[in-house]
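Only one structure is covered here, and it is reproduced in the block below.
The values are calculated or read from the model by the stated rules, or taken from the named source; none is laboratory data. Just so we're clear, the structure is a prediction, and the values are computed from it rather than from any experiment. Cβ coordinates were reconstructed from backbone atoms using ideal geometry, including for glycine residues, and neighbour counts include every protein chain displayed.
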């Protein structure tokens, strides 16, 4: 297996900053790249806040926090990632943009460097195909919030070499994560099963089967789920759910992946869930209340 010492993370958003944190926490040196300083600043603030809360709760010492932050470098230049043994891409779900990035990284990085994408829906081969290292390309799909969620999907394409697969799998394990191996199919395991479930809940609401709160209650109490489908959709982001559903529908052309009209309308209205303060629930008050959708 290849030896991983230095890791590059492209993207300092919610997922990218979380990935950088867990990688640095595992003892690796990390270089995080963003396209604008304001995005870097947001990533720095997110990690510092997470670590400070850990210090206050006694899960980490102040010295450990300083040491961890010292292992993370922040940059606006892609050139600063050229020495990385492993590159983790965590930018927006835009295939042409990802392909453009990987072409640049392929020219920049050493032939031995391994590339992995944190995509939640796009096929890995669609990105690997634009590089000259498809055998050293895989998927590494983390879950939000990255420092808390244990699961990582390790995606192996038809071109991923055995050495690359084993290296990426062991790297995920070294982060304290629980990896599962997945073939390179759109949606992988979790989203392939989760997205139709969320969409079916919305269709049930559209059909008048029950209210938002009663469907959520039925699934938490009846199936022992930690949260109902509407609470979960709001947490994931309705815009994110809508995007992933569209990608999967384009791939499989099956009705179960087609976004319901209500979801499309809510995204158009700016009701994206918790991050915008309103989705299936309204989060503007002290406790969430069901949003009046006029159904």
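Below are the figures for this structure:
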read-out	value
Verdict on residue 83 being under 24 Å from residue 25 (Cβ atoms) and surrounded by 14 or more Cβ atoms within 10 Å (Cβ to Cβ)	yes
Residue under evaluation residue 294, criteria (1) in a helix (DSSP H, G or I); (2) on the phi > 0 side of the Ramachandran plot, criterion not met	(1)
Sole exception among (1) surrounded by 15 or more Cβ atoms within 10 Å (Cβ to Cβ); (2) touching a strand residue (DSSP E or B) at 6+ places or on another chain (Cβ under 9 Å); (3) in a helix (DSSP H, G or I) for residue 188, by number	(3)
Flag if residue 180 is touching a strand residue (DSSP E or B) at 6+ places or on another chain (Cβ under 9 Å), closer than 22 Å to residue 123 by Cα and outside any loop (DSSP other than H, G, I, E, B)	yes
Residues located in segment 241-266, provided they are buried (at least 20 other Cβ atoms within 10 Å of the Cβ) and in contact (Cβ under 8 Å) with a residue 40 or more places away in the chain	241, 244, 245, 247, 248, 257, 259, 260, 263
Some residue of segment 51-67 being modelled with pLDDT under 95, in contact with a helix residue (DSSP H, G or I) (Cβ under 6 Å, 6 or more places away or on another chain), buried (at least 19 other Cβ atoms within 10 Å of the Cβ) and assigned by TED's automatic domain parsing to the domain that holds residue 162	yes
Test result for residue 195, surrounded by 14 or more Cβ atoms within 10 Å (Cβ to Cβ) and either under 21 Å from residue 93 (Cβ atoms) or over 17 Å from the mean Cα position of the chain (by Cα) (or both)	yes
Some residue of segment 288-295 being loosely packed, with under 15 Cβ neighbours inside 10 Å and modelled with pLDDT of 95 or more	yes
Among (1) surrounded by fewer than 20 Cβ atoms within 10 Å (Cβ to Cβ); (2) closer than 25 Å to residue 1 by Cα; (3) in contact (Cβ under 8 Å) with a residue 12 or more places away in the chain - the single one residue 118 does not satisfy	(1)
Count - residues of segment 29-55 that are part of a helix (DSSP H, G or I), touching a residue at least 40 places away in the same chain (Cβ under 8 Å) and within 22 Å of residue 81 (Cα to Cα)	0
Any hit, segment 199-210, residues being within 26 Å of residue 124 (Cα to Cα) and crowded, with 21+ Cβ neighbours inside 10 Å	yes
Residue list for segment 215-231, restricted to those being surrounded by 12 or more Cβ atoms within 10 Å (Cβ to Cβ) and farther than 17 Å from residue 274 by Cβ	215, 217, 218, 219, 220, 225
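Residue-by-condition table, conditions (1) assigned to a loop (DSSP other than H, G, I, E, B); (2) not assigned by TED's automatic domain parsing to the domain that holds residue 260:
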position: 148; (1), (2): yes, yes
position: 158; (1), (2): yes, yes
position: 166; (1), (2): no, yes
position: 169; (1), (2): no, yes
position: 176; (1), (2): yes, yes
position: 200; (1), (2): no, no
position: 204; (1), (2): no, no
position: 215; (1), (2): no, no
position: 221; (1), (2): no, no
